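Notes for the one structure printed next.
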Amino acid sequence: MPVHIKGTTFDGLESIEVQPGQWTDTFVYSISYKDGLPPWDYARALQTNIPILCKYRRGASLWVQVDSPGKWYLEQVRNGLQGSPIAVAVTQKGIEPELYDFSLFPIKFPRPSRQAPEAPDWHPETVSDDALHVLRALVRIKEGYTAEIASLAGFGKWKTRERLKDLVEQGFLSHNANPPKDWNPKKQYYPIWQVKRKGTSLALRSWRVSSGVKFSAYKERRKNPNSRHRRTSRLFMDSMRKSWRGTEIWAGWSEVQIPGLRTAPDALAWGRFDGQETLFWLEVEGGGTSGKKIMERSAKRFRKAILYAKENNLSLVFVLLAKPWTGKAARLAFIGVPEYTAVIVADWKKFGKLSVPQWERAVLSMTV
C-alpha cells in the first residue's frame with residue numbers, strides 16, 4: 001500500500017525482523033527496468049526523497065525492489081544509491097533483504113514500526129500502462145517523431161501512435177499533425193509530438209519524484225538539433241530489433257551519461273545476445289573533422305566501452321554508424337577486438353540492415 005511522509009510517496013512500508021526481536025522501519029520502492037530511465041538516473045530520482053526520511057522519520061531505512069531480467073540494471077541502481085545517509089538495500093523484486101544487504105546497518109527497534117499515512121494513487125485510471133510507457137519515453141526526449149518514440153518504447157509504430165493520440169486527448173501532449181505553411185510539398189511531412197508540462201509532471205510522479213522537487217536527470221544528455229545524428233541515435237533500438245531477430249533488447253536509451261566515464265554514448269541498450277548479458281553501445285559519427293581525429297576519437301570511445309563492459313562482467317557490441325568516409329577513417333580504431341566483444345561499422349542510412357555481430361571481430365559494412 002502506498003504511504004507518504006509529508007507528501008513524499010513511497011510504495012510501501014515494511015518492518016523487517018533482521019535479528020530476533022529486532023525490527024527495521026523500512027520504506028519501499030518497487031521499480032522496473034521498463035520504466036524508461038537509465039539505472040543511474042533512476043537512482044538519482046529516488047535520492048531526491050531521502051532527505052524527507054532523514055528529517056521526518058528518524059531511524060528509517062530504504063528498500064528498493066528492482067524488476068530486472070539480468071544483473072546489470074540492479075547493480076547500477078545499487079551503485080547509484082551508494083553514499084546515501086540512511087541504510088539502503090537494493091534487491092531483486094520479491095526478495096526480502098537481510099541485515100547485510102543494507103549499505104549501512106539499519107537502526108533497529110524492539111517492535112514493528114508505526115504506520116505512515118496512506119498516499120493517494122498518482123496513476124490516473126484513464127491512463128493505461130502502455131500509454132504511460134509511451135509517455136515516459138517521450139518525456140525523456142521532450143519531442144520526437146512516432147518512429148523515434150516507438151523505438152525507445154519498444155512498441156510498434158501503430159501501437160505507439162494510438163497511445164500518443166490517447167495522451168493528446170487527455171491533455172498530456174501536443175501534436176503538430178499538419179505541415180507549416182512554408183513546407184515544401186515535395187517532401188514528406190512527419191508529424192512531431194511534444195510533451196506538455198502536465199505530461200512531464202505525470203512521468204516524474206511515476207519515477208517517484210515529488211511535486212516541487214527540481215529534477216532534470218531524466219533528460220537526454222545532449223541537445224542535438226533535429227538532425228540525422230539525433231534520429232539515428234533514437235532509432236538504434238528499433239534498427240537492432242529488425243537486424244538481429246533473435247536478440248533480446250530489454251531496454252535502451254538515447255544520449256545517456258555513464259557516471260565516472262566522462263562520456264555519453266549516442267545510445268545505449270541492454271539485453272541478451274548469443275546467450276550473454278550484453279551492452280549495446282552506439283556512437284554516431286557525422287564527420288566535421290579530419291580522418292585522423294575521427295580515428296582517435298573512435299578509439300578513445302571504444303576503449304571506454306571495453307573498460308566499462310569488463311568492469312561490469314558484460315559482453316559488448318560496439319556499433320559505429322557513420323557516413324561512409326568517416327567509417328573508413330575509423331577502421332583502425334578497432335584492431336585487436338577482445339573476447340566477448342564485437343564491433344559493427346555501418347552506413348548510418350542502412351536502418352534495420354546491421355551485420356550480425358561476431359565475437360572478437362570488427363565487421364565492416366560493404367559500403368564502408
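So the values come out like this:
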{"read-out": "Test for Gln92: is it closer than 25 Å to Asn313 by Cβ and exposed (fewer than 14 other Cβ atoms within 10 Å of the Cβ)", "value": "yes"}
{"read-out": "Meets criteria (β-branched (Val, Ile, Thr) and in a helix (DSSP H, G or I)) for Thr126", "value": "no"}
{"read-out": "Residues satisfying the stated conditions in region 233-260, i.e. touching a residue at least 12 places away in the same chain (Cβ under 8 Å), farther than 17 Å from Ala137 by Cβ and not hydrophobic (A, V, I, L, M, F, W, C)", "value": "Lys242, Ser243, Thr247, Glu248, Gln257, Pro259"}
{"read-out": "Residue match in region 348-356 (condition: polar (S, T, N, Q) and modelled with pLDDT of 95 or more)", "value": "no"}
{"read-out": "Selection from region 98-123 of residues that are in a strand (DSSP E or B) and under 28 Å from Arg205 (Cβ atoms)", "value": "Phe102, Glu118"}
{"read-out": "Subset of region 121-141 that is farther than 19 Å from Gln194 by Cα and touching a residue at least 60 places away in the same chain (Cβ under 8 Å) - its residue that is surrounded by the fewest Cβ atoms within 10 Å (Cβ to Cβ)", "value": "Asp121"}
{"read-out": "Residue list for region 27-41, restricted to those being surrounded by fewer than 20 Cβ atoms within 10 Å (Cβ to Cβ) and of a type in the set (Gly, Ala, Ser)", "value": "Ser30, Ser32"}
{"read-out": "Test: residue in region 58-65 that is outside the structural domain of Leu261 (by TED's automatic domain parsing), modelled with pLDDT under 95 and closer than 19 Å to Gly7 by Cβ", "value": "yes"}
{"read-out": "Candidate set: region 42-72, residues that are among the small types (Gly, Ala, Ser) and outside any strand (DSSP E or B); chosen: the one surrounded by the fewest Cβ atoms within 10 Å (Cβ to Cβ)", "value": "Gly59"}
{"read-out": "Helices (runs of 4 or more DSSP H) lying entirely in region 138-238 (those with 2 or more residues that are touching a His at 6+ places or on another chain (Cβ under 9 Å))", "value": "157-169, 197-206"}
{"read-out": "Subset of region 227-241 that is among the charged types (D, E, K, R) and at pLDDT below 95 - its residue that is nearest to Ile192 (Cα to Cα)", "value": "Arg231"}
{"read-out": "Cross-chain or 6+ apart pairs with Cβ under 7 Å, region 261-277 first and in contact (Cβ under 8 Å) with a residue 12 or more places away in the chain and more than 12 Å from Ala251 (Cβ to Cβ), then among the charged types (D, E, K, R) and not in a strand (DSSP E or B)", "value": "Leu261/Lys304; Thr263/Arg301; Thr263/Lys304; Ala264/Arg221; Ala264/Arg222; Ala264/Glu255; Asp266/Glu255; Glu277/Lys71"}
{"read-out": "Among (1) assigned to a helix (DSSP H, G or I); (2) buried (at least 17 other Cβ atoms within 10 Å of the Cβ), the one test that Glu75 misses", "value": "(2)"}
{"read-out": "Filter result for the condition that a residue is without any contact (Cβ under 8 Å) to a residue 12 or more places away in the chain and either of a type outside the set (D, E, K, R) or within 30 Å of Thr200 (Cβ to Cβ) (or both), over Gly144, Gly156, Gly94", "value": "Gly156"}
{"read-out": "Residues being aliphatic (A, V, I, L, M) and touching an Asp or Glu at 6+ places or on another chain (Cβ under 7 Å) - total across region 312-368", "value": "6"}
{"read-out": "Hits in region 233-252 (condition: surrounded by 22 or more Cβ atoms within 10 Å (Cβ to Cβ), of a type in the set (Phe, Trp, Tyr) and out of contact with any strand residue (DSSP E or B) (no Cβ under 6 Å at 6 or more places or on another chain))", "value": "none"}
{"read-out": "In region 258-277, the residues that are in contact with a helix residue (DSSP H, G or I) (Cβ under 8 Å, 6 or more places away or on another chain) and over 16 Å from Gly154 (Cβ atoms)", "value": "Ile258, Pro259, Leu261, Thr263, Pro265, Asp266, Glu277"}
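The values are calculated or read from the model by the stated rules, or taken from the named source; none is laboratory data. Because the structure is a prediction, the values reported are computed rather than measured. Every residue, glycine as well, gets a Cβ built from its backbone with ideal geometry; the counts of neighbours run over all protein chains shown.
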